[in-house]
1. Name the residue that is surrounded by the fewest Cβ atoms within 10 Å (Cβ to Cβ), counting only residues in segment A:56-74 that are more than 12 Å from DNA strand D (Cβ to nearest atom) and closer than 23 Å to B:GLU5 by Cβ.
2. Of all residues in segment B:1-48, how many are under 20 Å from A:SER8 (Cβ atoms), surrounded by 19 or more Cβ atoms within 10 Å (Cβ to Cβ), free of Cβ contacts under 8 Å to residues at least 60 places away in the same chain and of a type in the set (Val, Ile, Thr)?
3. Go through segment B:25-50 residue by residue and tally those that are hydrophobic (A, V, I, L, M, F, W, C), within 12 Å of DNA strand C (Cβ to nearest atom) and over 21 Å from B:GLU83 (Cα atoms).
4. Go through segment B:51-79 residue by residue and tally those that are closer than 22 Å to B:ASN9 by Cβ and more than 8 Å from DNA strand C (Cβ to nearest atom).
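Computed from the coordinates by the stated procedures, all read-outs in this text should not be read as laboratory data. Just so it is clear, the model here is predicted, and its values are computed rather than measured. Virtual Cβ from ideal backbone geometry, glycine too; neighbours counted across all protein chains shown.
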Protein chains: 2
Amino acid sequence: MDVYETQSNFLKAISHSARLAILDILRDGEQCVCHMEATLNLRQAYISQQLMVLKQAELVDSRRDGLNLYYRVIKPEVFTVLETIRSLTGIPSKPPKHKHANTDCPCPKCSIEITTLTTSFALIQPNK
Amino acid sequence: MDVYETQSNFLKAISHSARLAILDILRDGEQCVCHMEATLNLRQAYISQQLMVLKQAELVDSRRDGLNLYYRVIKPEVFTVLETIRSLTGIPSKPPKHKHANTDCPCPKCSIEITTLTTSFALIQPNK
DNA sequence: ATACTATATTCATAATCTTGAATATAGGTG
DNA sequence: CACCTATATTCAAGATTATGAATATAGTAT
């Protein structure tokens, strides 16, 4: 496969608002699906679909802990790309870490960190 | 428009092999369309279409000099993105500058620089 | 086993992107 | 003005992506 093809495939994997939002969540470390669901206010199946795209692109991987699956970014350079894009599009650099946008996520990890919760995020609209 | 939307639109503009190839050509400064045509071995109308996409994304701009239109990248950060993507996809960093892949470009600029020509590039296949 | 929870997969349709073909236009030249 | 050259635009069909809905599965707990 052509080098530009390889690169465009990679870019295509992240050229999607929901996937960008997911990656942004993973910026602060692994998170379970239920957490993304609660934070992004998107249906579970939908998030799972997008996670599969990221996984196929070998950008993320998951780890099971009991009932929950924790996803994490395995190619940290992707954050460099996101930061550059952010600056390119004139979006203020790193927004405040959004560990948890609400308290609806019941996973153990969230329950613990819930105490330090402060910020909330705008919902993303599916597609444009 | 949502921030992630803005970012994904930007990414979509560059998630295309022909456009990546064009940007790569523009890495070394402005170039006329005829030059890209000769270098990439793609039809003029096609290249023009892709240039319009890049232009709409405000990634490039053009300057006329006589009969020729010279395009240049106006957001250099895009090269940072390309470099990072290159490393992400395991493609050896900057390839040799490909000023001119062949001698078929008749524009004044090419005629002058033609003397230092050495490298050639693999053709890109439209789409995947 | 049964039931429950968290997450994945399949399917169908709509929306968007890709690309070739034909054609138009703008600037330059005689 | 007539004609050439370089580049842009329009159109249409095919390919790919996005996404909702329904459903499946894997791990846990009883």
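1. Step by step, filter segment A:56-74, then rank; the result is A:VAL73.
2. Selection size over segment B:1-48: 2.
3. The number of residues fulfilling the criteria is 4.
4. 20
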